[in-house]
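Engineer: My structure is below; once you've seen it, I'll send some questions.
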Amino acid sequence: MEIKKQIEKIVVNIGIGKLTQRPQFKDKVLPEVIKELSIITGQKPALRQAKKAIANFKTRTGDPVGLQVTLRGTRMEDFFKKLIHLALPRVKDFRGISVDHIDEHGNLNIGFREQYVFPEINIDHSTVNFGLQVTVVPKNKNREKAVDFYKLSGVPLKK
């Protein structure tokens, strides 16, 4: 089964709100996060900025609050295979993905607490620690058909 025909896109998101409090965020931390996400996905991420100021979160309009990568085509297919066969088995105490992580449109949402589950990232050389969220968007918006596709493609779903 060809993955490109079944999946529309894969979106990888990172929230960098807490990292902005670190000293020299714009000079050292942000470029390091962008570099590591580029290594993981094979594509440069887009910087997402705050749309309005929120005092409790110490953000102003235009402050960087996240990074996003949208993968399509061959990069999407390669990332999906790497996610299933390399990254998920490296997650600590991993027992499968719950079917509850698939929404009514068939989107599969997976969250990672650390970027170190991806084999390209070396723990010894990395200076920042961040979590990321991966959303797999299928072309078919039917939940049952999406669940069947994920099972056939090798996604380790819990029963």
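Engineer: When only residues in segment 119-159 that are over 11 Å from the mean Cα position of the chain (by Cα) and part of a strand (DSSP E or B) count, which is nearest to A87 (Cα to Cα)?
Structural biologist: Per the stated criteria, the residue is L157.
Engineer: Please go through (1) within 28 Å of T20 (Cα to Cα); (2) out of contact with any helix residue (DSSP H, G or I) (no Cβ under 6 Å at 6 or more places or on another chain) for V69 and return the number of the only condition it doesn't satisfy.
Structural biologist: Single failed check for V69: (2).
Engineer: With touching a Phe, Trp or Tyr at 6+ places or on another chain (Cβ under 7 Å), modelled with pLDDT of 90 or more and within 17 Å of I10 (Cβ to Cβ) as the only criterion, which of T41, T70 stands out? Show your work before the answer.
Structural biologist: Values: T70 fails: touching a Phe, Trp or Tyr at 6+ places or on another chain (Cβ under 7 Å).
It is T41.
Engineer: Kindly establish whether V99 is aliphatic (A, V, I, L, M) and more than 19 Å from G154 (Cβ to Cβ).
Structural biologist: Spelling it out, it is not the case that V99 is aliphatic (A, V, I, L, M) and more than 19 Å from G154 (Cβ to Cβ).
Engineer: Within segment 113-155, can you find the residues that are within 30 Å of Q21 (Cα to Cα), crowded, with 19+ Cβ neighbours inside 10 Å and at pLDDT 90 or above? Give the steps one after another, and end with the answer.
Structural biologist: Step one: of segment 113-155, the residues within 30 Å of Q21 (Cα to Cα) are 113-135.
With the extra rule that they be crowded, with 19+ Cβ neighbours inside 10 Å, the set shrinks to 115, 117-118, 130, 132, 134.
Of everything in segment 113-155, those that are within 30 Å of Q21 (Cα to Cα), crowded, with 19+ Cβ neighbours inside 10 Å and at pLDDT 90 or above turn out to be L132, V134.
Engineer: Can you find, within segment 50-65, the residue that is modelled with the lowest pLDDT among those that are of a type outside the set (A, V, I, L, M, F, W, C) and exposed (fewer than 13 other Cβ atoms within 10 Å of the Cβ)?
Structural biologist: K58
The values are calculated or read from the model by the stated rules, or taken from the named source; none is laboratory data. Everything numeric in this text was worked out from a predicted model, so none of it was measured. Ideal geometry is used to build each Cβ from the backbone, glycine not excepted, and the neighbour counts take in all protein chains shown.
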